[in-house]
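Colleague: Before we start, here is the structure in question, set down as structure tokens.
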Amino acid sequence: MSANEERIAQFRKMATECPDDELANYRLGSLLMEEKQHDEAITYFRKTLELSPFFSKVYQLLAQSQIALDQKAAAIETLKSGFAVADERGDNMPRDEMSRLLVQLGQEAPAKRGQAAAPVGGEGGFHCQRPTCMLGSRARPLPAPPFKDELGRKIQENICADCWGIWLRDSSIKVINELRLDLSREDHQTQYDRYMLEFLGLEEPTTVGSSLPLA
């Protein structure tokens, strides 16, 4: 079994046992898309959007799978909806990619909100980068990095205190239990870190240390 097939099996198990797990459905859809299994990927992307309708990146991936299956009209509808969501949230990268795809499909590029729009960040301009964060202007930054390394600094700069709390209290425990991780093992720690970054919507930094919270 390839590494991708193993991860598909892991996320399929998680999505089956906990169908309301947005991360499991999103990652399963993404991995199926990588394997060009677009019909099934679409099913899990749609499920993710049922759970988290403001997860803007999923609209982009859903549309890309629809385009791969020559579902042009459906892709255009998805991209227009996703552009509006991403623009409202301030998710510039998926917004701009969806605009590019619309133009590629023969549509006009949608208008952005412009400078007059209300800021999406919280007090002091903080904007949580977790794709499913719903706090908007109520998002609170972490008072300190959760770890003493580059990863901790990245989380503090990009993730609000509430989303970090959700990971720490709920999702991290579920990942450890469902995957039977032993964090004293380096390979299990690496797997834990990968799930954490996927949950938070972050790319892996240059160096990742042990992701155990500071006391």
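Bear in mind these aren't lab numbers, they're just calculated from the coordinates by the rules spelled out. These figures come from a predicted structure and were not determined experimentally. All Cβ positions, even for glycine, are placed from backbone atoms using ideal geometry, and neighbour counts span all protein chains on display.
Colleague: Dipole of the chain, Cα-centred, from +1 at each Lys and Arg C-beta and -1 at each Asp and Glu C-beta, to the nearest 20 debye?
Modeller: Dipole about the Cα centre, nearest 20: 460 debye.
Colleague: Would you compute, from DSSP H runs of 4+ residues alone, the mean residue ellipticity of the chain at 222 nm, taking -39500 (n - 2.57) per run and dividing by the full residue count, rounded to the nearest 500?
Modeller: Computed mean residue ellipticity for the chain: -18000 deg cm²/dmol.
Colleague: Size of the dipole of segment 138-195 about the Cα centre, Lys and Arg at +1 and Asp and Glu at -1 on the beta carbon, nothing else charged, in debye to 20?
Modeller: Roughly 240 debye for segment 138-195.
Colleague: Right, next: In what order do 55, 126 fall by count of nearby beta-carbon atoms within 10 Å, going from fewest to most?
Modeller: 126, 55
Colleague: From the square roots a ≥ b ≥ c of the eigenvalues of the alpha-carbon gyration tensor of segment 1-81, which class results: rounded (a/c under 1.5), prolate (a/b over b/c), or oblate?
Modeller: Here segment 1-81 falls in the oblate category.
Colleague: Run down the lysines and flag those whose C-alpha is under 27 Å from the C-alpha of residue 57, throwing out any fewer than 8 positions away in its chain.
Modeller: Hits, sequence-local ones excluded: 13, 36, 47, 72, 80, 112, 154, 174.
Colleague: Let me spell out the model: positive unit charges on the Cβ of Lys and Arg, negative unit charges on the Cβ of Asp and Glu, origin at the Cα centre of segment 1-56. What dipole size does that give, in debye rounded to 20?
Modeller: Once rounded to the nearest 20, the dipole reads 60 debye.
Colleague: Order of 93, 134, 98, 196 from fewest to most other C-beta atoms within 10 Å?
Modeller: 93, 134, 196, 98
Colleague: Considering only 195, 73, 111, whose Cα is most displaced toward the positive end of the charge dipole of the chain, charges sitting on Cβ of Lys, Arg (+1) and Asp, Glu (-1)?
Modeller: Among 195, 73, 111, the one farthest towards the positive end of the dipole of the chain is 111.
Colleague: For the chain, compute the orientation-averaged projected area of the C-alpha convex hull (one quarter of its surface), in nm².
Modeller: Its Cα hull, projected and averaged over all orientations, spans 12.8 nm².
Colleague: Identify, among 14, 167, 128, the residue whose Cα sits farthest towards the positive end of the charge dipole of the chain, taking +1 on the Cβ of Lys and Arg and -1 on the Cβ of Asp and Glu, with the dipole about the Cα centre.
Modeller: Of the options given, the answer is 128.
Colleague: Once fully extended, how much extra length lies between residue 71 and residue 4, figured as 0.36 nm per residue of separation less the alpha-carbon to alpha-carbon distance?
Modeller: 21.5 nm
Colleague: Convert each backbone phi in segment 16-21 into a coupling constant with the Karplus relation 6.51 cos²θ - 1.76 cosθ + 1.60 (shift: θ = phi - 60°), then list the ³J(HN,Hα) values in order as whole Hz, x for Gly and Pro.
Modeller: Using θ = phi - 60°, the values come out as 6, 6, 9, x, 8, 7 Hz.
Colleague: With unit charges on the beta carbons (Lys and Arg positive, Asp and Glu negative) and the dipole taken about the Cα centre of the chain, which residue among 60, 92, 24 sits farthest to the positive side?
Modeller: 92
Colleague: Would you mind computing, in nm to one decimal, how far apart the modelled labels at residue 37 and residue 188 are, each placed 7 Å from Cα along Cα→Cβ?
Modeller: 2.7
Colleague: For residue 160, what residues show an amide H to amide H distance below 5 Å, using hydrogens built from the backbone and excluding near sequence neighbours?
Modeller: 129, 130
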